[in-house]
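Input: a single structure, listed below in structure tokens.
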Amino acid sequence: GGSRLHWKNIHGHHHCGAFPRRLSHHSSSWSEVGKEIGKNKHLHKMVVGGLRVVNTISSVREHEQLELFCKGINTNRSIADFTILNCHFVNDGSMLQVLEPFFEKNHRLSSLGIRRCNLGSAGICSLSSSLIHARFIKKIDLSNNNIDGDSIRELVKALYLNHDLEELNLAGNSIGGENNAGCLALAALLQK
């Protein structure tokens with residue numbers, strides 16, 4: 001049951017690698033993978049799944065490694081389809097903040113999936129501040145992330161300047177919220 005990293009380059013070649021669920025305190029493997037992802041000019045699709053980092057003092061090194069991994073991703077400009085699955089290191093929003101340069105500078109990014117990551121309010125607020133820069137995304141899948149109506153309003157504000165959005169999947173979330181705020185915000189987005 002290790003974590004998975006799957007990627008597909010623009011030539012259609014699939015690659016898949018398994019990584020240990022817990023990073024070694026002496027390991028720099030994730031930062032090295034991140035650096036190589038940043039250098040790669042042919043990476044088209046990337047799926048990261050199953051990562052877990054507990055919030056304890058002993059996991060400080062794991063957080064540092066994941067941050068370095070994300071910083072490597074930030075320098076990549078070829079990824080068009082990026083998915084994070086079942087990764088509970090994003091629910092406090094800190095890792096999504098680290099990825100903000102990726103959303104801002106990668107104009108090829110057309111599909112973003114963050115599924116079953118328990119984003120909650122903090123995660124969706126961080127993602128929203130990053131998505132302000134990602135104006136060319138056509139497909140966003142945020143299914144099953146514990147997102148509420150107030151968080152949806154923040155997301156809609158971020159997506160308002162995106163004129164290319166064709167698909168937004170919010171299945172498995174409580175998007176109504178108090179006074180149906182999330183639904184009303186989504187309705188306003190659809191009217192633009």
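Shown for region 85-192: the carbon plus sulfur share of the solvent-accessible area, taken with all protein chains present and a 1.4 angstrom probe, equals 48%.
Only alpha carbons enter this Debye calculation for region 79-127, each as an equal point scatterer, and the log10 of I(q)/I(0) it gives at q = 0.13, 0.17, 0.21, 0.27 Å⁻¹ is -0.27, -0.47, -0.71, -1.06. Among 183-192, 63-72, 39-48, the peptide with the highest mean count of other Cβ atoms within 10 Å heads the list, and the full ranking is 63-72, 39-48, 183-192.
The values are calculated or read from the model by the stated rules, or taken from the named source; none is laboratory data. Just so it is clear, the model here is predicted, and its values are computed rather than measured. Please note: Cβ atoms are built from the backbone with ideal geometry, for glycine as well, and neighbour counts cover all protein chains shown. All accessible areas refer to the heavy atoms of the entire protein, side chains included, with ligands and DNA or RNA removed. Shrake-Rupley method; radii C 1.70, N 1.55, O 1.52, S 1.80 Å.
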